[in-house]
């Protein structure tokens, strides 16, 4: 890919172009994806994913659906923490191949990886105990479509647990003090780390741009409610630049 930041900014007004770009981008950065994540988050991404996995299996989950599974880190964490079955879905085949290889190497037999779009899940309604997504929803142009699909496949009482980058909007004194450092990290260091390790500078220029074009934690809670979810808890990390939401499909939710 040979796009400039100006080219990338146009993606946020063109759903079809953005979807194609995201699919190609994640396919191309797949070989170094896990390593870059560890470096740019100082290893915190693994801890955050484990927090998501624990929330997903807390209700004795039979089936966990991990949308935008990428290299399978979150799906495999859910499988190893007690989910009966985990289905990881992604539309970038190189990512799925990495996830499958990782699953086989670890001997995780209760995880399955399928090529699918998060807005068109190949699953029956009311079948999943938990739906998870790590750093995926802000990359989906049709966000409401993805949330509605999550709502459709979850059983009443099922949990949605999502982890993502948030638009930085400092509120507390601590957040205001940390905001300049957070912006420097995401806007300058992350693209540099991504370019040096993966060789794809525009992919990691896209990352901070996607966060700036996404929601604050409070705004995302409202979006979840708009799509029929009851927000149970939310957490913020790193001066509010990363957010984790735990929501539920209401017990009596109409289809």
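What follows draws every value from the coordinates through simple rules; no lab data is involved. Here the structure is a predicted model, which is why all the values come from computation and not from measurement. FYI the Cβ positions are ideal-geometry reconstructions off the backbone, even for glycines, and counts take in every protein chain you see.
For a Förster distance of 35 Å, can you work out the FRET efficiency between the beta-carbons of residue 110 and residue 14, rounded to the nearest 0.05?
0.35
Full extension of the chain between residue 213 and residue 142 gives 24.2 nm of extra length, using 0.36 nm per residue less the Cα-Cα distance. GNM remark for the chain: springs join alpha carbons under 10 Å apart, and the peak mean-square fluctuation among 215, 186, 235 falls on 235.
For Cα pairs less than 8 Å apart in space and 6+ apart in sequence, what is the mean separation divided by the residue count of the chain, i.e. the relative contact order in percent?
Numbers: 476 pairs, mean separation 49.4, N = 255.
19 percent.
Within the stretch 5-248, antiparallel bridges make up roughly 45 percent of the DSSP beta bridges whose residues both belong there.
Between residue 179 and residue 24, the distance separating the two model label sites (each 7 Å from Cα on the Cα→Cβ line) works out to 3.6 nm. Paramagnetic label reach from residue 50 (point 7 Å along Cα→Cβ; backbone nitrogen cut-off under 20 Å): within the stretch 208-248, residues 235-238, 242-246.
Structural descriptor for the stretch 145-213: relative contact order 29 percent, calculated from alpha carbon pairs under 8 angstrom and at least 6 residues apart. When you restrict to C-alpha pairs under 8 Å that are six or more residues apart and normalise by the size of the stretch 81-209, the relative contact order lands at 17 percent.
Geometric descriptor of the chain, per residue, is 114 Å³ (volume of the convex hull of the Cα atoms).
Shown is the FRET efficiency for residue 38 and residue 93, computed with R0 = 22 Å from the Cβ-Cβ distance and rounded to the nearest 0.05: 0.45.
Between 42, 91, 135, which gets the highest mean-square fluctuation from a Gaussian network model of the chain, Cα cutoff 10 Å? Judging by the Gaussian network model, the answer is 42.
Between residue 230 and residue 195, the simple spin-label model (points 7 angstrom out along Cα→Cβ) gives 4.9 nm.
Counting every alpha-carbon pair across the stretch 1-111, the share separated by more than 20 Å comes to 48%.
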